[in-house]
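Q: Before I ask anything, here is the structure I am working with.
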Amino acid sequence: RLNVAVLGFTDVSYKNQTYPDVAFGPMIPTPSIDELALSGVRLESYYVNQLCSPTRTSLLSGRYAYTLGMNAEVIVDGHPDQLPLTVKTIGEHLQEGGWATFAGGKWDAGMTSWGCTPTCRGFDTFSGFYNAFNDYFTHRVGNYLDLRHDFAPDLADDNHTGVYMTELLTSRVQQFITTAAETEQSTFAYVAHQAVHAPNQVPMSYLEGYCLDTIPEDRPTRRILCGMMRAVDESVRNITATYKQLGLWNDTVLIFTTDNGGNPETGGSNYPLRGQKATTFEGGMRGVGFVNSPLLNESQRGFISDELIHVSDW
């Protein structure tokens, strides 16, 4: 059996929020992510798209966003576009091969009909939301609840008001891994964290200590972004620990990616690159990416690849 986990976060810029060799700003500590990156294969010429929906549809389909009609679109409530139903997702391919599949977090690849939602696109289980700007605690966007769970695509999950989305998603991923461990199925977990996308929200516990002590008081959005990154780092630690505790880690491949460049309005920075999220300059499209697995040989551990790689290559 083989386990593949794709862990992603949103609006995180190249070399600004993670890895210990960052030379700008106060560095935001992400020890769990850093450890995985430094002992894996780091992708230094890794590119995504300038916005979330194009990157997600590329990752799910293995195709360039412009061939999907998604090159410059963000799918929000009422938006007619979607990952075309004629294009199979990686989830559909793996599901047909007998894999157990999970998708969680930010879907952002279509919601105009149930047929374009995750449980109809190759994922046995989905726990997350269809939109892009959901409140991290109420899980609402505008005046309606957008938190979905499990098999019913039309079932809104109203039992978790007040639970921080990053923590809720982590627990759902752990449930999937634990259940899958009882079978002999290979597993695929697509974990698309909402953080550090707007709105800037985080429990105080993630701000206390480093974020409040190190980042100046006159940079409140950067402080909150710091806390959001710490929450994602804790999530990565807990998810990988679950694989290890269940004896699955030795047969697991972990892929880590962002979806686009940082957003200065929410505390992000793309220095020293030009541009930002929503632009086609390097700052909008050069991404954080790495692969880690016990299946890597010794010569691959700690390797830095300068080969040009795009999110559709996964």
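Q: Could you put Trp114, Trp314 in order, starting from the residue whose Cβ has the fewest other Cβ atoms within 10 Å?
A: Trp114, Trp314
Q: For labels at Trp114 and Ile304 in the simple 7 Å Cα→Cβ model, what's the distance in nm?
A: With each label placed 7 Å out from Cα toward Cβ, I get 5.1 nm.
Q: Here is a further query. So for the stretch 32-137, what percent of the C-alpha to C-alpha distances run longer than 18 Å? It would help to have the intermediate numbers written out before the result.
A: Working: 2961 of 5565 pairs.
Summing the P(r) tail past 18 Å for the stretch 32-137 gives 53 percent.
Q: Still on this structure, please answer the following. Enumerate cysteines in the chain without a disulfide-compatible partner, where compatibility requires another Cys Cβ under 4.7 angstrom.
A: When partners are defined as cysteine Cβ atoms under 4.7 Å apart, the chain leaves Cys52, Cys116, Cys120 without one.
Q: Just want to confirm a number: the relative contact order over the stretch 8-313, from Cα pairs under 8 angstrom separated by 6+ residues, in percent. Could the numbers behind the result be given before it?
A: Numbers: 673 pairs, mean separation 95.5, N = 306.
It rounds to 31 percent for the stretch 8-313.
Q: Let me ask something else about it. May I ask you to compute the full-extension gain from Asp251 to Glu182, defined as 0.36 nm times their residue separation minus their alpha-carbon distance, rounded to one decimal in nm?
A: The span from Asp251 to Glu182 would gain 23.3 nm if fully extended.
Q: Give the calculated FRET efficiency between Asn297 and Val163 to the nearest 0.05, with a Förster radius of 30 Å applied to their Cβ-Cβ distance.
A: Values: r = 41 Å, r/R0 = 1.35.
Efficiency, rounded to the nearest 0.05: 0.15.
Q: Same structure, new question: Fewest Cβ neighbours within 10 Å first, please rank Glu182, Glu35 accordingly.
A: Glu182, Glu35
Q: Something else now. Please compute the length gained on full extension between Glu208 and Asp313, using 0.36 nm multiplied by the number of residues separating them and subtracting their Cα-Cα distance.
A: My answer for the length gained is 33.9 nm.
Q: Report the calculated FRET efficiency for Thr138 and Thr279 (r = Cβ-Cβ distance, R0 = 25 Å), to the nearest 0.05.
A: Taking R0 as 25 Å, the efficiency between Thr138 and Thr279 is 0.20.
Q: Okay, moving on. Quick check for me: using +1 on Lys/Arg Cβ and -1 on Asp/Glu Cβ, what's the dipole size of the stretch 209-314 about its Cα centre, in debye to the nearest 20?
A: 180
Q: May I pose another question? Equivalent ellipsoid semi-axes for the stretch 181-314, as square roots of 5 times the alpha carbon gyration tensor eigenvalues: give them largest first, rounded to whole Å. Walk me through the intermediate numbers first.
A: Working: eigenvalues 174, 92, 37 Å².
The three semi-axes for the stretch 181-314 are 29, 21, 14 Å.
Q: Going toward the positive end of the dipole of the stretch 8-313, with +1 on Lys and Arg Cβ and -1 on Asp and Glu Cβ, which of Ala181, Ser45, Tyr206 do you reach last?
A: Projecting each Cα onto the dipole axis, the largest value belongs to Ser45.
Q: Can you give the charge dipole size of the chain about its Cα centre, rounded to the nearest 20 debye, using +1 on the beta carbon of Lys and Arg and -1 on the beta carbon of Asp and Glu?
A: So the dipole magnitude of the chain works out to roughly 300 debye.
Q: Divide by every residue of the chain the summed helix terms, -39500 (n - 2.57) for each DSSP H run of at least 4, and state the resulting mean residue ellipticity at 222 nm, rounded to the nearest 500 deg cm²/dmol. Working shown, then result.
A: Working: 8 runs with 80 residues, N = 314.
Value at 222 nm, helices only, nearest 500: -7500 deg cm²/dmol.
Q: Which value in nm describes the separation of the simple spin-label points at Asp77 and Arg63, placed 7 Å from the Cα toward the beta carbon?
A: The modelled label-to-label distance comes out at 3.0 nm.
Q: Taking other Cβ within 10 Å of each residue's Cβ, how do His139, His79, His193, His160 sort, fewest first?
A: Least crowded to most crowded, the residues run His79, His160, His139, His193.
Only the coordinates and a few stated rules stand behind these numbers; no lab work does. Treat the numbers as computed from the prediction; the structure is a model and nothing was measured. Neighbour counts are summed over all protein chains in view; Cβ atoms, including those assigned to glycine, are modelled from backbone coordinates with ideal geometry.
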